Amino acid sequence: MKMMRNRFQKVVITLIVSWLALFVFLPNLMIIATSFLTRDDANFVKLVFTLDNYARLIDPLYAEVLLHSLNMAIIATLCCLVLGYPFAWCLTKLPQRLRPLMLFLLIVPFWTNSLIRIYGLKIFLSTRGWLNDFLLWLGVIEKPFRIMFTSDAVIMGLVYILLPFMVMPLYSSLEKLDKSCLEAARDLGASKVQTFIRIILPLTMPGIVAGCLLVLLPAMGLFYVADLMGGAKNLLIGNVIKSQFLNIRDWPFGAATSIVLTLIMGLMLLIYWRAARLLNKKVELE
């Protein structure tokens, strides 16, 4: 029986490693190799080594797109944090029997393709959409106002898609919060603001950092949100990568841009790991 179990484990591990090597490691290796090659109109790439693809990223045009993409991703992340933290806090205050239902309702949107949801949001926010019709009916506005094809629309789309990714780690951190610390702060005369700043916020910092990373990293690459909600003037770095591969057919430059974006994400994950270690050490010392 033990021998059969060991054999089964080896088979499962072999299948998983083979899957990762074939569909994760090998494609990424091909992308890295392509980023150092030269564009060829006939065969997409030419086996000529060059660093020009990375040098082009310093061009003001692409640097501006990268900074604009990072700016919108940061704003969307902050919006998700401002909306998600109170929501996660309210979830922890609900009766235990209602929490699974609320979490289920939070996860339900994932059952629908995000592209379909963005189309629904586009209809809702359009000049002749439900939002304008409702505001006109209330008398708040005299004529429809335009939200679509602006940077605000892109940020709203990113928040709409990525908000659950912020709420879940925040809820996990808030649920594990040691209630005795809050009682001690209350007994010592700390106000609610002092309790939040000195106790709740530091103890839930891992959830905040994890949620910010889960929102910030995908936000820079959701090109279809920028395509549908922002138009040509509000591009994300994902739009540049998509255009290089599918439209311009400059695979080496698209691969180089993908590698740089991956390195930025890796750097952010490293910062999170270091911050989590420092926070754990600080908690242990206290």
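The values are calculated or read from the model by the stated rules, or taken from the named source; none is laboratory data. Computed from a predicted structure; not experimentally measured. All Cβ positions, even for glycine, are placed from backbone atoms using ideal geometry, and neighbour counts span all protein chains on display. Just the protein is used for accessible areas: all its heavy atoms, side chains included, with ligands, DNA and RNA removed. Shrake-Rupley method; radii C 1.70, N 1.55, O 1.52, S 1.80 Å.
Worth pointing out:
- Test: Leu105 is out of contact with any strand residue (DSSP E or B) (no Cβ under 8 Å at 6 or more places or on another chain), farther than 22 Å from Phe223 by Cα and not β-branched (Val, Ile, Thr): yes
- Cβ separations smaller than 7 Å between residues 6+ apart or across chains give no pair from region 95-119 residues that are under 23 Å from Gly129 (Cβ atoms) to residues that are open to solvent by less than 40 Å² (accessible area, probe 1.4 Å) and of a type in the set (Asp, Glu).
- Filtered residue count, region 61-93, keeping only those that are more than 26 Å from Thr257 (Cβ to Cβ), over 19 Å from the mean Cα position of the chain (by Cα) and open to solvent by less than 50 Å² (accessible area, probe 1.4 Å): 2
- Scanning region 183-209 for residues that are among the small types (Gly, Ala, Ser), in a helix (DSSP H, G or I) and open to solvent by 20 Å² or more (accessible area, probe 1.4 Å) returns a single hit, Ala184.
- Selection status of Ile241, assigned to a helix (DSSP H, G or I), free of Cβ contacts under 8 Å to residues at least 24 places away in the same chain, touching a helix residue (DSSP H, G or I) at 6+ places or on another chain (Cβ under 7 Å) and more than 27 Å from Ser126 (Cα to Cα): yes
- Scanning region 113-135 for residues that are outside any helix (DSSP H, G or I) and open to solvent by less than 70 Å² (accessible area, probe 1.4 Å) returns Ser126, Thr127, Gly129.
- Segments classed as helices (runs of 4 or more DSSP H), wholly inside region 1-112, with at least 3 members that are among the polar types (S, T, N, Q) and closer than 19 Å to Leu158 by Cβ: 60-93
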